[in-house]
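The values are calculated or read from the model by the stated rules, or taken from the named source; none is laboratory data. Predicted model only: the values in this text are computed from it and were never measured. FYI the Cβ positions are ideal-geometry reconstructions off the backbone, even for glycines, and counts take in every protein chain you see. Areas reflect the complete protein model, heavy atoms only, side chains present, ligands, DNA and RNA absent. Shrake-Rupley method; radii C 1.70, N 1.55, O 1.52, S 1.80 Å.
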Amino acid sequence: MLLYSEDADTWTYPIWDQIRQRPDLFSSAAAWSNNRFNLSPSGETDYVDGVWASGRYFETLGVPAVLGRVFTDADDGRGGGQNGPVAVISYGFWQRRYGGAADVVGRKIAVDRVPFTIVGVTPPEFFGGEVGHAFDVALPLGCEPLLRGKETNLDRRSSWWLTVMARLKDGQSIDAATAALRGVQPGIREATLPNDWRPNELESYLKKPLTLNAASTGNSFMRRRYERPLWTLMVVVSLVLLVACANIANLLLARATARRHELSVRLALGASRGRLVRQLFAESVVLSAAGAALGLVVAQWSSGLLVRQLSTAANTVFLNLSIDWHVLVFTIGVTVATALLFGTAPAFRAAAVAPMDALKEQGRGAVGDAKARLASALVVAQVALSVVLVVSAGLFMRTFSSLANVHLGFDSDRVLVVNVGAQRAAIALEERIPVLTRLAEHIRNVPGVADAAVSVVTPVSGNTWNTRVEVSGGVALPDRQRSTNVNYVTQGWLATYGTPLVAGRDITDRDTRASPRIVVVNQAFAKRFLNGGSPIGHVVSYPPGPRQKPPMEIVGVAAD
């Protein structure tokens, strides 16, 4: 079972810790979060896909080890258990990195330069708890402070990063488990109140019910993102299948009509009509089977191509593309259905003629009215479905062309993005901004570089940072509409991305921690908060809260 709320499907570590302290709720429970780990001891990075996992993660998912052992609660202590920091690796990683060595258990692996001891290898069919992502290295959640230091997420009540899954007790229903969870919800919510939220947000936090949803098909952000487009694609594929079937049925009907003389001779020689029907039906089955086999080959190849198109250097998409028996049964079913539906009619039509009539029609070269009507009906159906497909394809292509030509607001052709992990480089908190600023200056001086800047969020990366704000003299907006995306940047960031400044001034090197706080907004911000009026001179402030931040003056407006 997956844990959900009205507006959240990820959870903080304090919430998970409260659930873990109540083992009587479920048979077992687990929490995890996907991550990327650097295995390079120095120099060039060597990133692999990883997962932070709780002590009973593998037990809850029912995954044993094929070599060594998996995690236990004893390994999930803060900073590591009695055996120190341990790691479990996947079967694929074991084969690629260690060549399947039998003595891999007990070896050391450096993760972000912190040594971990490999204690086990998972089965080859297990890829992780997230459909669409596979892991190479799994580390206990309690070891997270070893990599993040004082900035660990284990103590943060506003860091939502964990997925929680529970295994029900024998005979326990989802409703019963949800009721038990909601019975202890007040205690869990009270003990995990975020310390930087406003009073009205805390009130809502306390009231939002916790819910359990079935997780038999796993957890997947990709499924939620691509489910509707895939259903649309399935409808289109079904229409194409119907058009192809109508076309093949017409060809089979025409071929059977052309063979009427041959079939009449067979009848005259003593063949039964049932035998002729079986012969023609067998031919259509062979044709359908050949098409299905070819379709499986094409689907296997094109599926791999599609997954590679979805993957990026920083986000590897993994899907098990081996032929599933459900898919195989579906394909066989479609094959048999098309053979029955579109192969039987021509067979019965061809075998229903008397030998003398067939010989007469052979001499005249004529076709019966009934046969002509059937062929005409198939042509009409084929043309009608083809028109629907052509119109739909035209609309899809027009939409795709419009999306492909939308101006993103920056020049993406000449931008090179480099991720810098200041936390993993063990740079002191107070030194990070000066170090990153100097780094941008050095890169700016490299021959061939037009400009360089540093930002917290990379545009169109899938990551965002948002918060609710208020604007002096602005439009009164509902609470949910005052949420806006935020980025922290150094000087020259707009110029680096090629985004023009349309009013006011840009951020400069004079805007430091000691100077008045300023902000540059875009045109969409001005349109929403000020009805398109000039935002220059207006003040942006955060709502009152325990950690009140000072207001910021708007000094510039950038293009969207």
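Looking at (1) assigned to a helix (DSSP H, G or I); (2) open to solvent by less than 60 Å² (accessible area, probe 1.4 Å); (3) not hydroxyl-bearing (Ser, Thr, Tyr), which one does Val297 not meet, given that it meets all the others?
(2)
Here are some residues: Ala292, Ala254. Which one is touching a residue at least 60 places away in the same chain (Cβ under 8 Å) and either open to solvent by less than 60 Å² (accessible area, probe 1.4 Å) or in a helix (DSSP H, G or I) (or both)? Don't jump to the end; show me each part of the working.
On the way: Ala292 fails: touching a residue at least 60 places away in the same chain (Cβ under 8 Å).
Answer to the check: Ala254.
Output yes when any residue across the stretch 20-35 is assigned to a strand (DSSP E or B) and open to solvent by 40 Å² or more (accessible area, probe 1.4 Å), and no when none is.
Within the stretch 20-35, the subset assigned to a strand (DSSP E or B) is 28-35.
From what's left, open to solvent by 40 Å² or more (accessible area, probe 1.4 Å): 34-35.
The answer is yes, given that some residue of the stretch 20-35 is assigned to a strand (DSSP E or B) and open to solvent by 40 Å² or more (accessible area, probe 1.4 Å).
Does Val285 fit the bill of being exposed (fewer than 14 other Cβ atoms within 10 Å of the Cβ) and at pLDDT 80 or above? Quick ask: steps written out before the conclusion?
Numbers: exposed (fewer than 14 other Cβ atoms within 10 Å of the Cβ): no; at pLDDT 80 or above: yes.
So Val285 fails the test.
Of these, Val285, Val265, which one is in contact (Cβ under 8 Å) with a residue 40 or more places away in the chain and more than 47 Å from the chain's Cα centre (by Cα)?
Details: Val285 fails: more than 47 Å from the chain's Cα centre (by Cα).
None of the others qualify; the one that does is Val265.
Only residues that are among the β-branched types (Val, Ile, Thr) and open to solvent by 40 Å² or more (accessible area, probe 1.4 Å): list them for the stretch 468-495, please. Break it down stepwise before answering.
Applying the first criterion (among the β-branched types (Val, Ile, Thr)) to the stretch 468-495 yields 469, 471, 475, 484, 486, 489-490.
Result: Val475, Val489.
So, in the stretch 496-515, how many residues would count as being more than 30 Å from Arg414 (Cα to Cα), open to solvent by 60 Å² or more (accessible area, probe 1.4 Å) and of a type outside the set (A, V, I, L, M)?
Within the stretch 496-515, the subset more than 30 Å from Arg414 (Cα to Cα) is 513-515.
With the extra rule that they be open to solvent by 60 Å² or more (accessible area, probe 1.4 Å), the set shrinks to 513-514.
From what's left, of a type outside the set (A, V, I, L, M): 513.
Looking only at that region, the number is 1.
Identify the single condition in (1) among the aliphatic types (A, V, I, L, M); (2) open to solvent by 60 Å² or more (accessible area, probe 1.4 Å); (3) modelled with pLDDT of 80 or more; (4) more than 20 Å from Ser238 (Cβ to Cβ) that Ala313 does not satisfy, given that it satisfies every other one.
Single failed check for Ala313: (3).
Go through the stretch 423-467 and report how many residues are open to solvent by 100 Å² or more (accessible area, probe 1.4 Å) and within 32 Å of the chain's Cα centre (by Cα). Break it down stepwise before answering.
Let us first name the residues in the stretch 423-467 that are open to solvent by 100 Å² or more (accessible area, probe 1.4 Å), namely 429-430, 433, 438, 442, 445, 447, 460, 463, 465.
Those still in the list that are within 32 Å of the chain's Cα centre (by Cα) too: 460, 463, 465.
Of the residues in the stretch 423-467, 3 are open to solvent by 100 Å² or more (accessible area, probe 1.4 Å) and within 32 Å of the chain's Cα centre (by Cα).
Restricting attention to the stretch 385-411, which residues are surrounded by 12 or more Cβ atoms within 10 Å (Cβ to Cβ) and either free of Cβ contacts under 8 Å to residues at least 40 places away in the same chain or among the hydroxyl-bearing types (Ser, Thr, Tyr) (or both)? Break it down into steps so the answer makes sense when it comes.
Quick first cut of the stretch 385-411, residues surrounded by 12 or more Cβ atoms within 10 Å (Cβ to Cβ) only: 385-386, 388-389, 392, 396, 408-411.
Selection gives Ser386, Ser392, Phe396.
Please enumerate the residues belonging to the stretch 186-204 that are at pLDDT below 90, assigned to a helix (DSSP H, G or I) and more than 18 Å from Arg482 (Cα to Cα).
Glu203
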